Every structure is written in C-alpha cells, then in structure tokens.
Amino acid sequence: MENTNIAIIGLGPAGLTALKTLREEGFNATAFERRDKVGGVWSYSSNTTFTTVLDETVSNTSKFVSGFSDFPFPNDSPAYFTSARAADYLESYARHFNLLQHVRFHTTVEVVVRNASNSTWDVHIINSDGHSILTFDKVVFAHGCEGIPAFPPMKNRDKFKGIVLHAQAYRDSALLKQKRILVVGNGNTACELSVTLAKSASKVYQSYRRGRIMLSRHGDDGVPLDSQFTWPDLRLKYFLDSTIPWLTWPLADRFMRKRMIAHAARSEQVWPGESRAKRLKRTEKKMREEWRLLPCASIAHVHPAVQEDYIPAIRMGDITPLHGFKDFAGENQVLLADDALVEVDAVIFCTGYEMDFSIMPELEIDGACGMPLKRAGDGTRQRSMDDTENSSDSGQRQQPRLPRLFQMIFPPRHASSIAFLSWLAPQESVWCVSELAAIAVTQIWVAETANSKGLYEMQQRPSTYRSPALLPPASKMNAQVDVYHAWFRTAWQKERSVRSGYVHHAHSFYRFLHEAAGTGLYQNLDHVLTTRGIRLWWKDRELWTWLAKGPMNAYAWRLFNTNPKAIPGCGRKVCPEARTMVKEAYEACEEYKRQK
C-alpha cells in the first residue's frame, strides 16, 4: 500500500478521518487544505470567501453522538459544543494521530484530471510557490458542500442601494447595527443569524416561502434529543422506511410536527386553568396562521432545523416573518412573494451553496430519467437546489444536476481511484457518517489493491470468514445510481427544497457502509424484528445495555473484531479502549439525565 499515493482535498472532519484511516492501512496519503489549519468550516476564518462558523455558533448534535470512533470528546465538554470547542477537538485529533506532518496548508486544489496515459490523476495546485501539477494514484474529495454561495434570481438587483450579502460573507453585526435587515431563508443559518442580528438591528425580518420542521436541541426533560434515538430504534425505522414508506414517512412527519409544536409551546404564555392540549392548539394556530411554519416539507426530503431561541424570538416580536423573497423593487425596497413591499437597509441571503463538481471535469453527471449524460466540465456551474424555496416559483426552474455517485461516494467509472465524502447528506451525525464513509473507502481500496495483486487467491480464508470489501461491477453501481436519480427527480417535483445528496434509502446505505467498514454492528445488534442481538444480550448484558439503550455513537464501531487474521480489506483494526469509551458515553449520558 505504501506505493499507492493518495491526495485528500480538504481537512474538515471528512478529510481528517480519511487521512488517518488511509495512512493506518499503509497508503501514502497527503492532504491539501487552502486554510491555515484543520477543521474546515469549523475553524473560523476572516476570509469572506470561505464558509465558516462564527463565535456564537453552537453545534446541532450533542457530544454524546458526535465523537470520532477512537477519540472521544473531553469529559468537561458541554452537551452541545461551541465552534471554538469543535475547532479544538479537530485540532487535537490531528495532533494526537500525528496527521499534520502529512498536510500541505495554504494550498488550493484547482482541478483534478486524468493523465494522458489514463493511469493516474494530475492534481493541479496553487500556493505561495505558484502553480504546480502533482501525480496521484487515487483522490479523495472532502472539500465540503458549502463552498460556492447560491443566490435566487434577482433581475432588479441594481435598483437596490443597500447592503446585499450572502451568509458566507457575514462575520459580525457591527456593519448592520441599527439597520433594518431582511434575512432570506429559514434553515439553521438563517434562523441563527436572525436571532443574533435582533440584538443590535433596528428591525429584523425573515423571508421564507414555506414552513419547516424546527426542533429544540433538548427534549421536554432537558436531555439532548439526539441521544434518545438508539441504534436499534433507527435500524427499525430505516427498515420500515424501505418496506412500507407510504405508511412510515407520513407517521414520522406527524410525529415530528407534534414535537415541533410541543417544543414551540414551551415559550407560550400559560393561562390560568388552561389545559396543555389547549395551549398546544393555540401554539399550532400561530405556527400556521401567523408564522407560516406549518404546513412544511416532509422529513423524507428535508432535514429539520434545530433551533433553541428562534421561535421565542418570533413570539417576542424580535423577528418578523414575511413571505418569500421575489425581487428588489427600489433603493430600499424588496418585493415579496405575496406582492407586498418591505423597506430595508440590508438583505442577507441564507440560500444555500453549490458543491463545485467542476473540480473534477471528468465526473459523470445525470444520465438517467431522461437527462442526458454529461460531464462536470461540460457546462457552467448551476445554482444549488439546497434551498430553492427562495427562488422563483414560475415552474420553469432548471432541474438540478446530479453526479453519478454509487452510494453517494464512488463514481462507477473511477470507483477504484476516486471517492467523494462531501456530497452525502445523512440523517445521523455528519461527522460520524463522514468517518464511517472514510473507513469504508479505505477498506474498499485496500481490498481492491489486494485483489489486483492476487492476494485472495493465495490465501486460504475459511468459508465462514468475512468477505473482502469489494465493490460490485460498474453495471450494478450504475443501476443503483439510476434508482437514486429516479427517486430524487420524483421528490424534486413534489418538494423543490429537497437537497441533492439527501440520504433517502438509509436502510441499504448504512448497511453498505458498515459492511464495507467492517464494524460488525449489524451482525451483533440490529432492530427488534430480527434475532440479532439475542446472543449479545445473553453473553454480555452490560455491553448490550450500553449499545441498545444508550446514545448511538461511533465508539461501538471499534468493539467487534471482524478480521482476526488481519487479512487486507476484510475489516479495520479494533480499538482496545472501545469498550471503555462506550461505557463512559453511556454513563455520562445517564448522569446528564439524572442531573436534569
């Protein structure tokens, strides 16, 4: 493996874990990062062309479900960590595993193209030394999905004389102090900006076309919401979603709407003698009629927003919700979707980002559902569809371009040498899923390398031994890509805010990742409709309790030795401390519950 050179583009959580896992398996991996430190968006940058967290940013996933598989969060971390804590954690991870010596900072990768002999990849980089071309056998794209700001159509932009920003360029509120501000969008970024700006602006409006599921970080008992969904619970949901989606998705939407209303009702004024049911109805009426947060998109298409202070701010009048942005109408006027005019001094668009696939011009795009097969380098970049509720509803909008990526990661044509870790949008903690994907990619490439050298023919593997993590033929990979494209195109016709890369077929997706990575989790514990887990319950009741009843975290991936003979590509290394980490995470969560 040491003769295989791999380039990793980007050093956020996905790039960091890819660098570590690839080097652990003996690959000669080198990472390129245009910033001066690791962490990606989680490391603050004053450069307004970089997407970055702000000082007030707080994570939407708790520490109980966010730590990497062999590097837990410090015990003194708050339940929801700040951006500074996140940056420290990622920096500590890099230093602990001696990764920084394999990183080239202040280096931008401009384009990756196949060389003339069709044998390796030419990686074009630019840094303080100028432009150069480096050669690699394989490339991991971990450059993030939040690089290029997307704006809605605005034909009359020149009429407006006020400040116009995308959320990417926003750094602090000093420039906007005592101004009338319109924030466009209702995702997490838009809501957090509105809450922050309301402290110093003279007026904050928020413009959005349709509602969205918004949940608190905590349940009614004060416990982090994400720590209450266990591994077997989510395996059962994914299984049912794949078998009876016509039933489970509507039920899930109803459940989430009820939770949303219950969370919003916490800040509702309590009237003497009023029952909880009446208070919930009063809150629901406001959400439908005044705030227009209901009806909303299905969670089958859009992730919920996680907000603590947004609805209380609306209730107090600190933020005024308005209809969707339509266009600029004058020097200080904005036209809304209901044809109303609003006078403002500044507009901040929180309208999503594009992922720039043109960095790999040979990446195949579309080719299903009547869309012609193209390559990423064939045309101009297209505006992202991550937040299309803020664009024109004329019905003439161009359909989003979809990359051909098997399991959201591998381009079938170049699966043995290219992997994308930034396109997938999972339901679970994105940090952890990124690491799981990085481990899976590593095992697959190890298996592919071993297979090409005839290693498996020379070895005598027992018939019961785990199979190597080899990808299926290109024809099967392309068939799976076509299935995803068909689902997405249908979903997009119903809900234009569906995000490309959204993990919809979670049942097969997570099973693929865990099987390729060799975690052994599905073999030892699955949902309650299977018999898996009975043996673990019988032999190790303590461990079963931590896994089946505790928060779902990545430490469990290192528990089971799925590759005792250390055959390349048949499973990753076990972490000796994994059992202790799983135990401590369970006990810390239980203690947190007791304190609340």
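The values are calculated or read from the model by the stated rules, or taken from the named source; none is laboratory data. These figures come from a predicted structure and were not determined experimentally. Neighbour counts are summed over all protein chains in view; Cβ atoms, including those assigned to glycine, are modelled from backbone coordinates with ideal geometry. Surface accessibility is based on the protein's heavy atoms, side chains included, excluding ligands, DNA and RNA. Shrake-Rupley method; radii C 1.70, N 1.55, O 1.52, S 1.80 Å.
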**Asked** Between Glu584 and Ala548, what FRET efficiency follows from the Cβ-Cβ distance if R0 is 25 Å, with the result rounded to 0.05?
**Response** 0.90
**Cα-projected label distance for Ala277 with Arg171, points at 7 Å along beta-carbon direction, nm** = 5.5 nm
**Prompt:** Based on the mean of other beta carbon atoms within 10 Å per residue, what is the order of 121-131, 445-455, most packed first?
**Reply:** 445-455, 121-131
**Fill in**
Spelling it out for Val164: with amide H atoms placed in the peptide plane at 1.01 Å from N, the residues 5 or more places away or on another chain with amide H under 5 Å from its amide H are Val347
**Prompt:** From the phi of every residue in segment 93-105, what ³J(HN,Hα) in whole Hz does the Karplus formula 6.51 cos²θ - 1.76 cosθ + 1.60 yield, where θ is phi - 60° and glycine or proline is x?
**Reply:** 4, 4, 6, 4, 9, 6, 8, 4, 5, 10, 10, 10, 7
**Message:** Charges on Cβ only, +1 for Lys and Arg, -1 for Asp and Glu, centred on the Cα centroid of segment 149-353; of Ala201, Ile261, Leu175, which one is farthest towards the dipole's positive end?
**Reply:** Ile261
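How much of the accessible area of segment 250-317, in percent, comes from carbon and sulfur atoms when a 1.4 Å probe is used?
Details: 2090 of 3710 Å².
Of the solvent-accessible surface of segment 250-317, carbon and sulfur hold 56 percent.
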**Complete:** Of the residues Gly211, Gly273, Leu294, the Cα lying farthest along the dipole of segment 149-353 towards its positive end, which is defined by charges on the beta carbon of Lys, Arg, Asp and Glu, belongs to Gly273
**Asked** Label-point separation (nm) for Lys199 and Ser132, each offset 7 Å from Cα along Cα-to-Cβ?
**Response** 4.5 nm
**Request:** Please give the length that would be gained between Arg535 and Glu331 if that part of the chain were fully extended, namely 0.36 nm times their separation in residues minus their C-alpha to C-alpha distance (nm, one decimal).
**Result:** 66.4 nm
**Request:** At most 16 other Cβ atoms within 10 Å and a DSSP loop assignment: could you name the trypsin sites (Lys or Arg not before Pro) in segment 137-175 that fit?
**Result:** Lys155, Lys161, Arg171
**Request:** For every helix of n ≥ 4 consecutive DSSP H residues, a contribution of -39,500 (n - 2.57) applies; sum these over the chain, divide by its total residues, and give [θ] at 222 nm rounded to the nearest 500 deg cm²/dmol.
**Result:** -9500 deg cm²/dmol
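With a 1.4 Å probe and all protein chains left in place, how much of the accessible area of segment 1-129 comes from carbon and sulfur atoms, in whole percent? Intermediate values should be presented prior to the final figure.
Details: 2360 of 5200 Å².
Here carbon and sulfur together make up 45 percent of the probe-accessible area.
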**Request:** Sticking to Cα atoms, compute the Rg of segment 149-353 to one decimal and its Dmax as the biggest Cα-Cα distance, whole number, in Å.
**Result:** 18.7, 56
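Rounded, prolate or oblate: which fits segment 22-170, taking a ≥ b ≥ c as square roots of the Cα gyration tensor eigenvalues, rounded meaning a/c under 1.5, else prolate when a/b beats b/c? Mind showing how you got there, number by number?
Working: a/c = 2.26, a/b = 1.07, b/c = 2.12.
Taking the square roots of the gyration eigenvalues as a ≥ b ≥ c, segment 22-170 is oblate.
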**Whole-Hz ³J(HN,Hα) from phi, Karplus 6.51 cos²θ - 1.76 cosθ + 1.60, for segment 13-25, glycine and proline x** = x, 5, x, 4, 5, 5, 4, 5, 5, 5, 5, 4, 8
**Prompt:** What accessible area per residue comes out for the chain, rounded to a whole number of Å², with a 1.4 Å probe?
**Reply:** 43 Å²
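Can you give the extra length, in nm with one decimal, that the chain gains between Arg375 and Ser467 once fully stretched, where that is 0.36 nm per residue apart less the Cα-Cα distance?
Values: separation 92, 0.36 × 92 = 33.12 nm, distance 3.38 nm.
My answer for the length gained is 29.7 nm.
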